[in-house]
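This report concerns only the one structure given below.
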Amino acid sequence: MATPSMEDYLERIYKLIREKGYARVSDIAEGLEVHPSSVTKMIQKLDKDNYLIYEKYRGLILTPKGNKMGEKLLARHKLLEDFLSIIGVNHENIYTDVEGIEHHLSWDSIMCIEALVKYFKGQEEKLDELKQIRSQLEMEE
């Protein structure tokens, strides 16, 4: 079972490989705002747990297990961004909020949020109702 920290690394590595075709230690460190030595330690752990294959000085590749997990984690992140956007969270807060909650929700909760997002995406009148309720709450404060 991947820890929240492992998930952050896998998500970042998966995203880098999708965007650039490769993931370097320096890119991972920069994206996660950690030291390269921390990245190297985590890469070795992810290699040991069969999420990726790492060869010193040659780079890394995701295993099918790592690729599947990276895809799942990136989809979870996007879903939570969509959810927060739909319910009216200010755009400048969404990324930070997702980072704060994504590891604390069960996959059951994620599936329920996914159903809710799908529901609201097809129900413009319900979205308008939700916006009105939020506006009323803001005026009450």
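What to note about this one:
- For the chain, the share of accessible area belonging to carbon and sulfur comes to 53 percent (1.4 Å probe, ligands and nucleic acids excluded).
- Solvent exposure ordering (accessible area, 1.4 Å, most first) of Ile28, Ile53: Ile53, Ile28
- Full extension of the chain segment joining Ser109 with Lys72 gains 11.9 nm, where the gain is 0.36 nm per residue of separation less the Cα-Cα distance.
- Here each label is just a point 7 Å from Cα along the line to Cβ, and for Gln44 and Arg18 those points are 3.0 nm apart.
- Spatial separation of Cα centroids for segment 53-84 and segment 22-40, in angstrom: 14 Å
- Cross-link reach is defined here as a Cα-Cα straight distance under 25 Å, omitting same-chain residues fewer than 8 places apart; for Lys20 the lysines meeting it are Lys41, Lys45, Lys48, Lys56, Lys65, Lys68, Lys72, Lys78.
- Only Cα pairs under 8 Å and 6+ residues apart enter the sum, and on that basis the relative contact order of the chain stands at 19 percent.
- Here the extension length gained between His91 and Gln132 equals 13.0 nm, from 0.36 nm per residue of separation less the Cα-Cα distance.
- Heavy-atom accessible area per residue - the chain, 1.4 Å, Å²: 67 Å²
- Remark: the Tyr119-Ser5 segment gains 37.9 nm on full extension, using 0.36 nm per residue and subtracting the alpha carbon distance.
The values are calculated or read from the model by the stated rules, or taken from the named source; none is laboratory data. Quantities reported herein were computed from a predicted structural model and do not represent experimental measurements. Cβ: placed from backbone, ideal geometry, glycine included. Neighbour counts: every protein chain shown. We work out accessible area using only protein heavy atoms, side chains counted, and drop any ligands, DNA or RNA first. Shrake-Rupley method; radii C 1.70, N 1.55, O 1.52, S 1.80 Å.
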